[in-house]
Amino acid sequence: METIAIPAINLAPIMPEIILSCIAMLLLLVNVFVPSESKGYLGVLSLVGLVATAASVVSGWGQPVAAFGGAVQLDNFAVFFKLIFICSAALAILISDKYVVREEINHGELYPLILFATVGMMLMACGMDLMVIFLGLEVLSISLYVLAGFNRGSLKSNEAGLKYFLLGAFSTGFLLYGMALTYGATGSTKIGNIAGFVATNPQVATNSLFVVGMLLIAVGFSFKTAAAPFHMWTPDVYEGAPTPITAFMSAGPKAAAFAAFIRVMIVAFPTLKHDWTDLLWILAVLTMTVGNIIALSQDNIKRMLAYSSIAHAGYALVGFTACNPEGVAGILFYMLSYTFMNIGAFAVIVLIGKKGEANGNVQDFAGLGQKRPLLAAILCVFLFSLAGIPPTAGFVGKFYLFSAAIKSGYIWLAIIGVLNSAASVYYYLRVMVYMYFKPSEEDFDWVGMTPAIAVCLLLCVATTLVLGVVPGTVLELAQKAVQF
Amino acid sequence: MLGAYLPILVLVVIACLFGLGSVVFSSLIGQKKPSKVKLQPYECGCEPVGTARERFSIKFYLIAMLFILFDIEAVFLYPWAVLFKRLGTFGLIEMGVFIVILFVGYVYVWKKGALEWE
Amino acid sequence: MLALNNYLILSAILFSIGTIGVLVRRNAIVIFMCIELMLNAVNLTLISFSHYLGSIDGQVFVFFIMTVAAAEAAVGLALMIAFYKNRESIDVEDVNMLKL
């Protein structure tokens with residue numbers, strides 16, 4: 001009996017995933033073997049793990065390597081996205097330290113779950129095989145289902161977890177069916193081979209299996225990026241989930257879904273480009289408009305930011321519709337800035353909130369400008385950035401996304417985007433009006449800043465402003481990252 | 001086209017005949033000595049108390065779920081076992097890594113007390 | 001032997017039954033069972049393509065889907081139990097605290 005020749009295994013491209021998984025498993029064991037009431041040290045350990053992972057990710061910049069027979073590819077695109085995921089995980093861990101104590105959900109499992117979710121996201125960003133992308137997505141999703149329902153005693157959190165689970169699993173079904181049909185039409189699950197097959201057999205573009213497969217994959221990813229009309233789960237899940245987890249979900253996993261979406265569409269389905277850009281055009285317009293219009297009438301600030309996050313997915317879809325290097329670079333830049341500005345805003349919400357997720361309405365921000373001028377100013381920076389007002393990262397990001405759309409000839413799309421952006425100013429400004437021009441009805445039950453949240457706020461403000469004032473270097477890196 | 005399924009049809013028929021035959025013949029020619037224990041629905045020691053629609057303790061759920069999780073992972077062992085010799089040392093190491101990861105989960109579950117009945 | 005089409009049509013029907021079930025049923029566990037049906041329809045599609053194309057990839061994919069579905073089931077049922085403990089119901093009509 002002959003032995004099967006094992007191809008040379010190159011573990012370097014998945015070293016970040018290996019490191020982070022090992023750290024997460026270690027934390028899981030430390031959590032049960034070291035009896036301690038305070039779980040803060042787990043947070044510190046996971047931050048150390050994330051830094052080590054980041055170092056390993058950065059070393060992959062500039063030298064694309066494929067491994068596992070082309071199932072995984074660590075290129076600049078993946079490196080850039082992986083850094084976004086690591087930032088979002090680290091910031092979420094920084095703000096959860098205080099929150100979990102306040103809500104009495106100080107279970108050590110929080111940290112390994114966030115790390116496992118990050119491993120899943122990283123696999124999605126570097127997956128070149130539909131199987132790897134699916135596995136990454138599921139590692140991410142299963143961790144997130146648990147995290148959304150992490151506050152077991154709170155009915156809202158239970159509901160968020162259950163809803164996210166049911167709708168997430170439902171959308172996974174569509175995604176998988178799409179993948180199965182694509183596999184059937186092209187004979188491979190590797191997106192490189194799919195592209196190769198399509199190039200040599202152009203008639204496959206009229207094969208209904210192939211077209212339906214592409215559509216179902218697009219639907220599945222639209223669910224995950226919360227694009228309208230597949231956004232229904234977002235507001236409920238974002239409102240009910242623990243605040244640090246909401247912050248995490250709105251930044252990292254959304255970016256991960258975009259990473260996989262972009263790679264699959266651009267690499268595997270270039271021949272159907274005209275079809276899916278038309279589809280994305282509609283999705284982008286719907287997503288921006290629905291998100292912004294419903295956000296106008298929200299009082300609960302987490303819910304408002306949920307709708308705003310739908311709108312932001314719409315802006316990113318504008319860049320995707322443009323489907324030129326500028327557009328994709330714009331998405332990379334936008335996702336990075338959105339991570340910092342949005343998690344920053346959520347950090348302030350964590351500080352203002354009280355036990356049981358109370359104090360989460362816009363009205364509860366009344367008088368913050370007088371009582372806590374610095375905190376109010378910080379929140380203003382994030383809100384300006386979310387609204388896309390210079391000199392913040394949000395403005396630069398939107399500017400590049402919309403100019404990429406114009407460059408590809410989507411003038412109307414850019415106009416609709418700008419109009420939407422203008423409408424969104426209303427609900428962000430509304431929070432500021434409450435902060436500065438309405439007297440506070442009750443005293444702030446001020447629980448105080450912790451070093452971790454202070455670090456998080458500082459990082460977020462600094463990044464939001466720096467990316468807004470001198471975006472050159474990062475934009476250049478984003479442009480270099482557009483290669484598949 | 002459907003002819004390929006003929007053996008399965010034959011098997012189904014034989015199985016039905018065998019089942020029916022056993023029951024019919026044993027009731028026709030077997031001895032009958034009924035006792036209270038024998039007439040109970042379950043002869044294996046479970047006392048049938050209360051209705052069958054009783055609620056189960058949540059503890060069963062936990063054990064069942066843990067069983068399914070570890071059980072389904074065994075699906076990866078089958079192809080490996082079939083090709084064990086041809087995969088050689090490499091396959092052994094790979095499977096070792098897989099088992100170690102599962103073991104981490106097992107240790108976590110154990111230390112967390114999920115396997116304690118009380 | 002049956003042609004590839006028969007299997008594809010069967011799995012498309014199963015997938016549709018699952019989808020419709022998710023949309024019309026109100027009990028979370030039944031919804032989840034419908035989702036499982038969808039996943040198994042996908043598995044059937046993959047297996048028949050794998051056989052038809054003579055490529056093993058589809059069968060490997062099925063292994064992964066099966067294990068992932070088990071992990072999903074564990075998490076999903078745990079979430080339902082947590083919800084049931086607080087709400088005494090798993091009817092999705094009662095999953096309504098967050099609706100406006």
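Values in this text are rule-based calculations from the coordinates and carry no lab data. Source: prediction; values computed, not measured. Glycine also receives a Cβ, built like all others from the backbone with ideal geometry; neighbour counts cover every protein chain displayed.
Quick look at the numbers
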| quantity | calculated |
| --- | --- |
| Over 24 Å (Cα to Cα) - which of A:Lys156/A:Lys224; A:Lys254/B:Lys111; A:Lys156/A:Lys355 fall in this group | A:Lys254/B:Lys111 |
| Number of partner chain Cβ atoms within 10 Å, mean per residue of C:41-53 | 4 |
| Given charges at Cβ of Lys, Arg, Asp, Glu: the protein assembly as shown dipole, positive-most of A:Ala347, B:Tyr108, A:Val146 | A:Val146 |
| Given charges at beta-carbon only (K, R positive; D, E negative), |dipole| of chain A in Debye | 480 debye |
| MRE, 222 nm, helices only [DSSP H, n ≥ 4, -39500 (n - 2.57), over the protein assembly as shown, to nearest 500] | -24500 deg cm²/dmol |
| Shielding by other protein chains, B:61-69, mean Cβ within 10 Å | 3 |
| Chain C - charge dipole about Cα centre, Lys and Arg +1 at Cβ, Asp and Glu -1, debye rounded to 20 | 120 debye |
| Most mobile listed residue (C:Glu88, C:Glu36, C:Glu72) in chain C, GNM with C-alpha springs under 10 Å | C:Glu88 |
| Centroid-to-centroid separation of the stretch B:70-118 and the stretch A:467-484 [C-alpha atoms, Å] | 43 Å |
| Residue order, fewest to most surrounding Cβ atoms within 10 angstrom, among A:Ser424, B:Ser26 | B:Ser26, A:Ser424 |
| Relative contact order of chain C, defined on C-alpha pairs under 8 angstrom at six or more residues apart (%) | 27 percent |
| Degrees separating the helix A:76-102 axis from the principal Cα axis of chain A, which is the longest one | 30 degrees |
| Principal axis dimensions, largest first and in whole angstrom, of the protein assembly as shown by Cα | 97, 64, 49 |
| Distance between the stretch A:98-168 and the stretch A:222-278 - C-alpha centres, whole angstrom | 15 Å |
| Charge dipole (debye, nearest 20) of the stretch A:130-281; +1 at Cβ of Lys and Arg, -1 at Cβ of Asp and Glu | 220 debye |
| Taking all pairs of distinct alpha-carbon atoms in the stretch C:6-100, Kirkwood radius in angstrom | 14.8 Å |
| Residue mean of other protein chain beta carbons inside 10 Å, A:150-158 | 5 |
| Burial ordering of A:His312, C:His51, fewest other beta-carbon atoms within 10 Å first | C:His51, A:His312 |
| Amide hydrogen neighbours beyond the local backbone of A:Val72, cut-off 5 Å, H modeled | A:Ala67, A:Met128 |
| Which of A:Tyr145, A:Tyr400, A:Tyr434 has the fewest Cβ neighbours within 10 Å, and the rest in rising order | A:Tyr434, A:Tyr400, A:Tyr145 |
| Between the stretch A:181-217 and the stretch C:1-63, the alpha-carbon center distance in angstrom | 19 Å |
